[in-house]
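Peer 1: One structure coming up, written as structure tokens, with questions to follow.
The values are calculated or read from the model by the stated rules, or taken from the named source; none is laboratory data. Model, not experiment: these values are computed from the prediction. Positions of Cβ are generated from backbone atoms using ideal geometry, with glycine treated the same way; all protein chains shown enter the neighbour counts.
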């Protein structure tokens, strides 16, 4: 038995990118920042604040929610799986990237509470969106 599970609570770094993959399926990608607070050790040593940036990938019906309500600064609770892939950069070097493939997402206060003009959000303060595990058909569904 093995477990591949990631849980994050953080803020979206910039506007999510929405793209179409094979067969017209939409995908959303965005960065999520998680920050460990600064603190002082018992011996007086100062440990500075540390921010980690995570690459999030989503598909399926949750993409519509992300497209309409998630913007830079939105606080999200994310559950997903780690996936690592390789690609060739423009300078012909091979690179590796680790991404979190979204399974569940909760919008937690913040900018999503104010709907875009002409829309009615299906939630108020907090809503959980669950991704169907069958939507991740393998790496061939990722639009890279």
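Peer 1: Does residue 19 satisfy the condition of being surrounded by 12 or more Cβ atoms within 10 Å (Cβ to Cβ), touching a residue at least 12 places away in the same chain (Cβ under 8 Å) and farther than 20 Å from residue 82 by Cα?
Peer 2: yes
Peer 1: Check every one of the strands (runs of 3 or more DSSP E) wholly within segment 1-75 and list those with 1 or more residues that are within 15 Å of the chain's Cα centre (by Cα) and farther than 17 Å from residue 101 by Cβ.
Peer 2: The qualifying strands (runs of 3 or more DSSP E) are 6-12, 26-36, 50-59.
Peer 1: Look through segment 62-75, keep the residues that are closer than 17 Å to residue 27 by Cβ and in contact (Cβ under 8 Å) with a residue 60 or more places away in the chain, and return whichever of them is surrounded by the most Cβ atoms within 10 Å (Cβ to Cβ).
Peer 2: 62
Peer 1: Quick test of your reading of the structure: residue 56 fulfils all but one of (1) farther than 17 Å from residue 104 by Cβ; (2) surrounded by 11 or more Cβ atoms within 10 Å (Cβ to Cβ); (3) touching a strand residue (DSSP E or B) at 6+ places or on another chain (Cβ under 7 Å). Name the failing condition by number.
Peer 2: (1)
Peer 1: Say whether the condition of being touching a helix residue (DSSP H, G or I) at 6+ places or on another chain (Cβ under 8 Å), modelled with pLDDT under 95 and over 27 Å from residue 4 (Cβ atoms) is met by at least one residue in segment 21-31.
Peer 2: No; the residues of segment 21-31 include none that is touching a helix residue (DSSP H, G or I) at 6+ places or on another chain (Cβ under 8 Å), modelled with pLDDT under 95 and over 27 Å from residue 4 (Cβ atoms).
Peer 1: Also: For a quick check of your reading of the model, give me the residue pairs whose first member lies in segment 89-111 and is at negative phi and without any contact (Cβ under 8 Å) to a residue 12 or more places away in the chain, whose second is surrounded by fewer than 11 Cβ atoms within 10 Å (Cβ to Cβ) and not in a strand (DSSP E or B), with beta-carbon atoms closer than 6 Å and at least 6 apart or on different chains.
Peer 2: Between residues of segment 89-111 that are at negative phi and without any contact (Cβ under 8 Å) to a residue 12 or more places away in the chain and residues that are surrounded by fewer than 11 Cβ atoms within 10 Å (Cβ to Cβ) and not in a strand (DSSP E or B), the close pairs are 95/89.
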